[in-house]
Every structure is written in C-alpha cells, then in structure tokens.
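So the structure is just underneath, and the comments pick up after that.
The values are calculated or read from the model by the stated rules, or taken from the named source; none is laboratory data. Predicted, not measured: the structure shown is a model, and the values here were computed from it. Every residue, glycine as well, gets a Cβ built from its backbone with ideal geometry; the counts of neighbours run over all protein chains shown.
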Amino acid sequence: MKKIAVMTTGGDCPGLNAGIRAVVRSAIHHGLEVTGILRGYEGMIQNQFIPLPSHAVSNIIQRGGTILKTARSEQFMTVEGRAKAYENLRTNGVDGLILLGGDGSIRGIQQFLQEHDLPVVAVPKTIDNDIYGTDYAIGYDTALNTVVQAIDKIRDTADSHDRIFFVEVMGRDAGMIAVLSGIGSGAEAIAIPETRTRIEQIVQVLQRGWHRKKTSMIVIVAEGDDAGGAYKIADAVRQRFDSFDTRVSVLGHMQRGGSPTCFDRVLASRLGVAAVDALVQGRRDIMVGVIDNKIAETPFETVVARRKEFPYDLMRVAEILSL
Ligand code: ATP
C-alpha cells in the first residue's frame, strides 16, 4: 500500500477535521501518501481528488465542519455511479480508503464493495450517536454541549418570564441528544422517538411543577418524536394546560457546527490513527470504534445489521430528577 484516500460523507459534524488530520498525519507516519476526496461519494464520482500533505491539516483540529466538504450523492446509489467512482480511485492510484461517515455511508460502501475490490476502513461520525460498534461517534459530544449551552440560555429567559419552553433538538430516529441534554440541563420532560410520547404525561409533569411553584419549565423534543415536533407537542399541551405562557425554540443546524470539544478531538484522533493502523496491517471492510474505552473493530455487515442499544435507564434518571 502506497497511497490512501480520505473523505467525509453524509451530514457534517464537529470533529471531522480532527479526524482528517489524524488520518493524514498517521498515514505519513507509516510512509503513505494521502489524497483527499472532496464532497464524499459525489466528489469520488466527479474526480475531485486533492493532495493532502502534512501542512494541509495544520491548524484545523479546532475547526468545526470539514475541510474536505461533504455531500449526499444520488449517483452513488447507481451501479454506473459506483463504477465511475472506482475508475477514479484507480486512476488516482488509491490503494486504500478511509471514510468518516454515518451508517448510511457505510451501507453505501458495502454496496460498492460487492462490485469492486478496495480495502476500506470507516470511522463513525454522527451527532445522534446511534451507530452500532462504538460507544461514541465523532460529533456527538460537541453537539450535546452545544445543545446544553443553548438550553441554559433559554432557561434564563424562561425563568424571567415564567414560561414553558418546548425545545426541539436534532434526532430524526434517535433520542440520544434529547435524553442526555435533558438530563444535563435539568429538563422537566423529554420526548423521544424510541418511546411512545403521551401528551397527558407531559401535562401532568408540567402541572406538578406549576403546583410546586416552578417559575420555568423546559420540555425537550427530539425532531422525530412520534407525537410530532416541538410545535405540535406545544399545541397539544396548550389545549390541556394554559396556566403557563409557552414558547417553542427549534435549535436547528447550530447543533452541527462549532469548535469540537476536547472529547471529540481526542476521539477523532484515536479513531483516525486506529483506522490507518488497521489498513496498514491488512484489515479491511471494518469500522473502528471505541468500546469500554478500547479501540474495537466491527465488520461493516455487523454495523449495518445491528441496532445500538438505547440506554432506557437514562429516561428513568431524567424522570426521577424532574420533580
Ligand atoms: P448522517 O445520517 O449522520 O448524516 P450518513 O453517512 O448516514 O450520515 P447518508 O445520507 O445516510 O449519511 O448516506 C450518505 C451517502 O451514502 C448517500 O448520499 C449515498 O450516496 C450513500 N448511500 C447510502 N445508502 C446507500 C446504498 N444503500 N447504496 C449506495 N449508496 C448509499
């Protein structure tokens, strides 16, 4: 192996640059040349390959986003698109690939590998932290801290005006951000896609807080909750309980940006080094993750076939503490 490629695919998140830096520096340490592919699978098909010498990754560990850009690619979903991508990898002399992506990206490369031969190692990134095979994915810790800081600010204004705030956080299919930020910010109620949301239950919690003379209350809603987003849940609650002034705040894309936390920088650095180690030592078609604080390698087929266990016990913690 002489030359490897690195790319970021799927949605962006903080910590990707730290991961790219780790891959580049570690590859150079092993005497490999590195090329970056811009815009994920789309750039692979459009032949957007750039050289990545060591200085190209200087001063990026603290930056949010991704210097390689990222994109979703319709073309990569087609046999022709993947064939074109493979042709470009070959003409650019790529002997191995490291991708920083989510489970969709891993599904994509699995499809690609059924048709073409290339050693590939994946590094998990997602603010939802719902990828099987790792306790933590890059971006999750930073997103959580961003959300908690935002809720702290919302709490200040909610308290001044005696208001209930319904705060919508990211999580189309996953409630990890909602639950952890809910515990971290002392939210009164949390609505997530993994459990059935009962409006009556939320109303009861809020009424209990009202009787205890709470001056502000926060309800965290994951965007993919079965009862709807924050606006819908706020409307349903308002119809049953109108003693409080209510407001809705949708945090949106700010959750994906910002400088990565030290945790995410260290995680991305460890995983980047582990991914290059795996490639160099001849292991392929695996995702590197961290389980019980040790590097763990999981085959792609297991990553996409298994569902990460949801920590339901944390919902209990949140409920007990919301008194
Ligand atoms: P996130 O969901 O965190 O944003 P992700 O990596 O899961 O990240 P997706 O948008 O699901 O992001 O997938 C990224 C890209 O992977 C898609 O745009 C598509 O090009 C490719 N892809 C996903 N699934 C497949 C598949 N079954 N076959 C071929 N390509 C796929």
Considering only segment 255-269, how many residues are surrounded by 18 or more Cβ atoms within 10 Å (Cβ to Cβ) and assigned to a helix (DSSP H, G or I)? 7
Would you confirm whether any residue within segment 107-126 is near the ligand (Cβ under 8 Å from one of its atoms) and not in a helix (DSSP H, G or I)? yes
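For every residue, the table says whether it meets (1) within 16 Å of the ligand (Cβ to nearest atom); (2) farther than 23 Å from ASP277 by Cβ; (3) surrounded by fewer than 23 Cβ atoms within 10 Å (Cβ to Cβ).
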residue	(1), (2), (3)
GLY11	yes, yes, yes
ALA18	no, no, no
GLY31	no, no, yes
ARG39	yes, yes, yes
GLY65	yes, yes, yes
ARG72	yes, yes, yes
MET77	yes, yes, yes
THR91	no, yes, yes
Looking only at segment 144-151, decide whether some residue is near the ligand (Cβ under 10 Å from one of its atoms), among the hydrophobic types (A, V, I, L, M, F, W, C) and touching a helix residue (DSSP H, G or I) at 6+ places or on another chain (Cβ under 8 Å). no
Selected residue [surrounded by fewer than 19 Cβ atoms within 10 Å (Cβ to Cβ) and farther than 24 Å from ARG25 by Cα] from GLY252, GLY209, GLY282: GLY252
Taking segment 162-185 as the search range and keeping residues that are touching a Ser or Thr at 6+ places or on another chain (Cβ under 8 Å) and not aliphatic (A, V, I, L, M), which one is farthest from ALA230 (Cα to Cα)? ASP162
Given the criteria of a type in the set (A, V, I, L, M, F, W, C) and outside any helix (DSSP H, G or I), does ILE98 qualify? yes
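So, LEU97, is that one within 28 Å of ILE127 (Cβ to Cβ), in contact with a helix residue (DSSP H, G or I) (Cβ under 8 Å, 6 or more places away or on another chain) and in contact (Cβ under 8 Å) with a residue 40 or more places away in the chain or not?
Judged against the criteria, LEU97 is a match.
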Just a yes or no: is a residue in segment 206-223 over 23 Å from MET176 (Cα atoms) and of a type in the set (A, V, I, L, M, F, W, C)? yes
Cβ-Cβ distance below 6 Å, separation of 6 or more or different chains: which pairs start in segment 106-128 with a residue that is under 16 Å from GLY40 (Cβ atoms) and among the polar types (S, T, N, Q) and end on one that is within 9 Å of the ligand (Cβ to nearest atom) and part of a loop (DSSP other than H, G, I, E, B)? THR126/GLY102; THR126/ALA137
Determine if segment 297-306 includes at least one residue that is more than 30 Å from ILE164 (Cβ to Cβ), in a loop (DSSP other than H, G, I, E, B) and either of a type in the set (Lys, Arg) or assigned by TED's automatic domain parsing to the domain that holds LEU113 (or both). yes
Test: LEU314 is within 30 Å of THR215 (Cβ to Cβ), at pLDDT 95 or above and crowded, with 16+ Cβ neighbours inside 10 Å: yes
